[in-house]
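The values are calculated or read from the model by the stated rules, or taken from the named source; none is laboratory data. These numbers come from a predicted model, not from an experiment. Cβ: placed from backbone, ideal geometry, glycine included. Neighbour counts: every protein chain shown. What goes into the accessible areas is simple: the full protein's heavy atoms, side chains included, and nothing from ligands, DNA or RNA. Shrake-Rupley method; radii C 1.70, N 1.55, O 1.52, S 1.80 Å.
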Amino acid sequence: MGRAEDITLDQLRPYLGTHAPKLGALRGLEKFATGQSNPTYKLLTEAGAYVLRAKPAGTLLKSAHQVDREYRVMAALRASRVPVPDMIHLATDTASPIGRAFFIMDFKEGRIFWDPAVPEVDTTTRHAIYDGMNEALAALHDVDVAGAGLSDFGKPGNYFARQTDRWSRQYVASKVTDNADMDRLMGWLADHMPDDDGQVSLVHGDYRLDNMIFASDAPQVIAVLDWELSTLGHPFADLAYQCMQWRLPHQGGMRGLGGLDRTALGIPSERAYVAAYCDRRGIQAPDNWAFYLAFSFFRLAAILEGVVRRAHDGNASNPETAKSYAAAIPLLAAAAGDIISGKTL
């Protein structure tokens, strides 16, 4: 963690003294070094440790960095089986003493695993970690959306049709280099769009191992974090997004499981992981699995293309990261091409 030079305790003290008095006296603020798009800090107070998560400074896209949505969804999930921290307070853009929205939640002491091979633990523990992650995902998709007060958290209609249209338009508008695999993929997704089966759940949007905290002494998920992309959608979008990890290379910064001896590591196969999820939810294995996987690869590639475009235009916050994303896009498109050609299913 590093110093929090962009937010000061003097800015926060009067406001939190009024709106979150349970925190007591503020004693320290340290910025987490790991790269969230919304700056995140450890707030030390008289009452203990908390987390402050804020919008970035500067001009932002209207639909981006909506920490108020993150706060709302985690507050709504507190009564569910989905592990989330307790929410303490939300400061809106207009009321915030730092000029932008932020929220405060409990700090969860535990472990974050950045490498999906989880080299820190033994085989038995590694298997239990993946099972715990599977259990939390199934619990998320079983949440009663209406009962949680989230019926208006997303748009109605065919989620995959909306998302494919959105990211196709975004990709075409952003692309820096022509990519025949991406062009083919867009056409294939449009031609193979599954009918809307009526399934609607809360989806996380970025469900992966390093977006959760595990207990320090057990392979148990104690908090799912980073809900910035959450919405109402199709549960298989989250499932397929996570299963991309089985197909991405482990080397080159992709954080995948490709090329690893997953059996020796104690990591379940993709098929076993999907089966465990379906068993937990009491549902049939998904039809159109190739579509859901291909869509996930395409969505991620389109998102990365937007970052590359901003770097190309001189607006990237981290040009070196954008370069690595530019190299990843053809790999993602080629992997999706193998899926839709039937080479990897």
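Tabulated results
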{"read-out": "Label-point separation, residue 33 to residue 344 (7 Å along Cα→Cβ), nm", "value": "3.2"}
{"read-out": "Ranked by how many other beta carbons lie within 10 Å on average, peptides 108-120, 188-200 from highest", "value": "108-120, 188-200"}
{"read-out": "DSSP-defined beta bridges in the chain - what % are antiparallel, rounded to 5", "value": "95"}
{"read-out": "Cα-centre dipole for the chain with unit charges at Cβ (Lys and Arg positive, Asp and Glu negative), debye to 20", "value": "600"}
{"read-out": "Surface share of carbon and sulfur [accessible, 1.4 angstrom probe, percent] for the chain", "value": "49"}
{"read-out": "Per-bin percent of Cα-Cα distances, the chain [20 Å]", "value": "28, 60, 12, 0"}
{"read-out": "Helical segments meeting 24 Å axial Cα length and Kyte-Doolittle -1.0 threshold in the chain (DSSP H)", "value": "123-141, 289-312, 319-340"}
{"read-out": "Spin-label zone in region 211-237 - amide nitrogen under 15 Å from a point set 7 Å from the Cα of residue 144 along the C-beta vector", "value": "none"}
{"read-out": "Distance in nm between pseudo-label sites at residue 57 and residue 283 (7 Å out along the Cβ direction from Cα)", "value": "4.4"}
{"read-out": "Segment residue 120-residue 272, extension gain: residue separation times 0.36 nm, minus the distance between their alpha carbons", "value": "52.4 nm"}
{"read-out": "Relative contact order (%) - criterion: Cα under 8 Å, at least six apart; region: region 225-336", "value": "22"}
{"read-out": "Å² of accessible area per residue within the chain, as computed with a 1.4 Å probe and no ligands counted", "value": "47"}
{"read-out": "Entries of 55/175; 175/323; 31/323; 155/175; 55/108 with Cα pairs more than 18 Å apart", "value": "55/175; 31/323; 155/175; 55/108"}
{"read-out": "Förster radius 22 Å - calculated FRET efficiency between residue 165 and residue 313 (Cβ-Cβ, nearest 0.05)", "value": "0.35"}
{"read-out": "Unit Cα scatterers, Debye sum, region 147-201: log10 I(q)/I(0) for q = 0.23, 0.28, 0.29 Å⁻¹", "value": "-0.93, -1.15, -1.19"}
{"read-out": "Square roots of five times the Cα gyration tensor eigenvalues for region 80-175, Å", "value": "29, 25, 19"}
{"read-out": "Scattering curve values for region 240-323, log₁₀ I(q)/I(0), Debye with Cα scatterers, q = 0.13, 0.21 Å⁻¹", "value": "-0.57, -1.03"}
{"read-out": "Global size of region 59-128 as Cα Rg and Dmax, reported in angstrom", "value": "16.7, 50"}
{"read-out": "Fully extended contour minus Cα-Cα distance, from residue 323 to residue 81, at 0.36 nm per residue", "value": "83.2 nm"}
{"read-out": "Residue 183 paired with residue 334, simple spin-label distance in nm, labels 7 Å along Cα-to-beta-carbon", "value": "1.9"}
{"read-out": "Taking the chain and dividing mean pair separation by its residue count, relative contact order in percent (alpha carbons under 8 Å, at least six apart)", "value": "15"}
